[in-house]
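Participant: First, the structure itself, so that you have it in front of you.
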Amino acid sequence: MKMEIESLFRLSQENLEWFKENYEDLRKKYDSKWIIIQNKQVVGSGSTFGDIINAVKKYDPNSVIVEYIQSEQIAMFF
């Protein structure tokens, strides 16, 4: 069980690193969209979170990450 958890965590980390490294290219293609990443590649996308929820049902939730691509900077005021 511990080995499986470690493997899933490593897979998630690898997908997240790939997302970060490829953000600029992904932004050009998927600006203002949700994307599903599995095995260091985009396997689905959608304009709304509802779209992505329906699309992600095709995949093992432990094998994917879901991210939102946004090119505009968000201003945060405190």
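Participant: Could you check how many residues of segment 62-76 are of a type outside the set (Val, Ile, Thr) and assigned to a strand (DSSP E or B)?
Facilitator: Number satisfying all stated conditions: 2.
Participant: A further question on this structure: Could you tell me how many of the residues in segment 18-61 are part of a loop (DSSP other than H, G, I, E, B), surrounded by 13 or more Cβ atoms within 10 Å (Cβ to Cβ) and at pLDDT below 95? Show your work before the answer.
Facilitator: Step one: list which residues in segment 18-61 are part of a loop (DSSP other than H, G, I, E, B), which gives 22, 31-32, 39-40, 47-48, 57-60.
Remaining after also requiring surrounded by 13 or more Cβ atoms within 10 Å (Cβ to Cβ): 22, 40, 59.
With at pLDDT below 95 added as a condition, the list becomes 59.
Residues meeting the conditions: 1.
Participant: Just to be sure I understand, how many residues within segment 56-73 are touching a helix residue (DSSP H, G or I) at 6+ places or on another chain (Cβ under 6 Å), more than 13 Å from Gln38 (Cα to Cα) and not small (Gly, Ala, Ser)?
Facilitator: 1
The values are calculated or read from the model by the stated rules, or taken from the named source; none is laboratory data. If you're wondering where the values come from, they're calculated on a predicted model, not measured in any experiment. Methodologically, a virtual Cβ is constructed for each residue, glycine included, from the backbone with ideal geometry; neighbour enumeration extends over all protein chains shown.
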